[in-house]
Amino acid sequence: MWLVYSLLTLLLWGVWGFSLKIVMEYVDWFQYYIYATIVPVILSILIAIIYRDYITINVKSFSLIILASLAGSVGYIFLVLALKYGHASIVVPMTALYPAVTSIIAYFVLKERLAMHQWAGLILAIIAVTLLSIESL
């Protein structure tokens, strides 16, 4: 099932990155950000209603949720700004390298190990994005 979810994410985020670039031609970044955050709030309310019997929270998990959400939200603002001023064909692949950052942090902080082929994949992904962006640097 994880593969189906991953492919759906790939497809929907691809459409999202393209449509975001188009929208940025018509509105300022802050307008987009404000309007775009309304949809997740509505979805969150619906999910909370559906799963209300399963929702639990403690101080540690709440703090981590806030930290992760803050990082994601500020990163999203920078993505919107990058798309406003840059090419979607370069900005979206470059920002899609965030799993490489996650992998490197997990390696050092969580002591997760990466096999040689996984390191090679990270390096190749960085090389690919570099090649995509060379002309516009």
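Might you let me know whether the stretch 6-24 holds any residue that is free of Cβ contacts under 8 Å to residues at least 24 places away in the same chain, among the β-branched types (Val, Ile, Thr), part of a helix (DSSP H, G or I) and within 17 Å of GLY75 (Cα to Cα)?
No: the stretch 6-24 contains no residue that is free of Cβ contacts under 8 Å to residues at least 24 places away in the same chain, among the β-branched types (Val, Ile, Thr), part of a helix (DSSP H, G or I) and within 17 Å of GLY75 (Cα to Cα).
Could you tell me how many of the residues in the stretch 90-112 are under 20 Å from VAL15 (Cβ atoms) and either of a type in the set (Gly, Ala, Ser) or assigned to a helix (DSSP H, G or I) (or both)? Before you say what the answer is, go through the steps one by one.
Looking only at the stretch 90-112, we keep the residues that are under 20 Å from VAL15 (Cβ atoms), and these are 90-99.
Restricting the remaining residues to those that are either of a type in the set (Gly, Ala, Ser) or assigned to a helix (DSSP H, G or I) (or both) gives 90-96, 98-99.
Number satisfying all stated conditions: 9.
This table checks each residue for (1) modelled with pLDDT of 90 or more; (2) closer than 28 Å to SER19 by Cβ; (3) not polar (S, T, N, Q).
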site	(1), (2), (3)
GLY75	yes, yes, yes
VAL80	yes, yes, yes
ILE90	no, yes, yes
ALA100	no, yes, yes
ARG113	yes, no, yes
LEU132	no, yes, yes
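Taking the criterion of being surrounded by 11 or more Cβ atoms within 10 Å (Cβ to Cβ), among the acidic types (Asp, Glu) and either within 13 Å of the chain's Cα centre (by Cα) or at negative phi (or both), would at least one residue in the stretch 25-33 satisfy it?
We begin by selecting, within the stretch 25-33, every residue surrounded by 11 or more Cβ atoms within 10 Å (Cβ to Cβ); these are 27-33.
Add one more test, that the residue is among the acidic types (Asp, Glu), and what stays is 28.
Going one step further and asking which of them are either within 13 Å of the chain's Cα centre (by Cα) or at negative phi (or both), we end up with 28.
For the stretch 25-33, residues surrounded by 11 or more Cβ atoms within 10 Å (Cβ to Cβ), among the acidic types (Asp, Glu) and either within 13 Å of the chain's Cα centre (by Cα) or at negative phi (or both): present.
Does LEU43 satisfy the criteria of being at pLDDT 90 or above and either in contact with a helix residue (DSSP H, G or I) (Cβ under 7 Å, 6 or more places away or on another chain) or closer than 30 Å to ILE22 by Cα (or both)?
Values: at pLDDT 90 or above: yes; either in contact with a helix residue (DSSP H, G or I) (Cβ under 7 Å, 6 or more places away or on another chain) or closer than 30 Å to ILE22 by Cα (or both): yes.
It is true that LEU43 is at pLDDT 90 or above and either in contact with a helix residue (DSSP H, G or I) (Cβ under 7 Å, 6 or more places away or on another chain) or closer than 30 Å to ILE22 by Cα (or both).
Considering every residue within the stretch 44-51, establish whether at least one is among the aromatic types (Phe, Trp, Tyr) and outside any helix (DSSP H, G or I).
Looking only at the stretch 44-51, we keep the residues that are among the aromatic types (Phe, Trp, Tyr), and these are 51.
If we keep only those that are outside any helix (DSSP H, G or I) too, we end up with 51.
The answer is yes; a qualifying residue exists.
The values are calculated or read from the model by the stated rules, or taken from the named source; none is laboratory data. Fair warning: this is a prediction, and the values are worked out from it, not measured in the lab. A quick note on method: Cβ atoms are made from the backbone with ideal geometry, for glycine too, and the neighbour counts reach across all protein chains shown.
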